[in-house]
Amino acid sequence: MVAETSFVVRIPTALYEEMVAHVSAGYPNETCGALGCKGDLVVKHYPPANAAEHPDDYSEIGGKDRLRILYDIDEYDGEMIYYHSHPITEARPSARDISVARVNGYLYLIFSHQYYPEPPYARIFRITSDGTVTEGKVIVS
């Protein structure tokens, strides 16, 4: 169950369009990436390849890419948001997403290609260590 909306993430239009292009290029597989943010504002987009063994069913940022991204975000004292796509299902956390997010503590931005060939849509979630899921609001401007 998703708790009521309690936070906002602002994404500049150009960065959001980069993410949509990255996620769309990976279809029909899952695509993943990261965003660097300062407060509620996204300031940088990191679009690595999906390093998962089965990209049609899972997504993950490879170890070297993850370290490079985290070191870069640390340079400007930012926070990381993890994003990935669901090629068929809704943009909401799966049981596996919740399990992983409980450990890493990142916000999860999930894109859905549920209405392909329409462009994917995105939703953002905070998932706490106890598995509570809270949906935020994405503002693209």
Task: Among (1) within 23 Å of Thr132 (Cβ to Cβ); (2) at pLDDT 95 or above; (3) hydrophobic (A, V, I, L, M, F, W, C), the one test that Ala101 misses - done: (2)
- [ ] Using the structure shown, decide if Met80 is modelled with pLDDT of 95 or more, closer than 15 Å to Arg126 by Cα and out of contact with any Lys or Arg (no Cβ under 6 Å at 6 or more places or on another chain).
- [x] yes
Open item on the list: What's the number of the only condition in (1) in contact (Cβ under 8 Å) with a residue 40 or more places away in the chain; (2) within 23 Å of Pro12 (Cβ to Cβ); (3) surrounded by 15 or more Cβ atoms within 10 Å (Cβ to Cβ) that His86 fails to meet?
Closed with: (2)
Open item on the list: What's the total number of residues in region 84-134 that are hydroxyl-bearing (Ser, Thr, Tyr), more than 14 Å from the chain's Cα centre (by Cα) and within 20 Å of Glu17 (Cβ to Cβ)?
Closed with: 2
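The values are calculated or read from the model by the stated rules, or taken from the named source; none is laboratory data. Worth saying up front: this structure is predicted, and the values here are computed from it rather than measured. Every residue, glycine among them, receives a Cβ derived from its backbone with ideal geometry; neighbour counts consider all protein chains shown.
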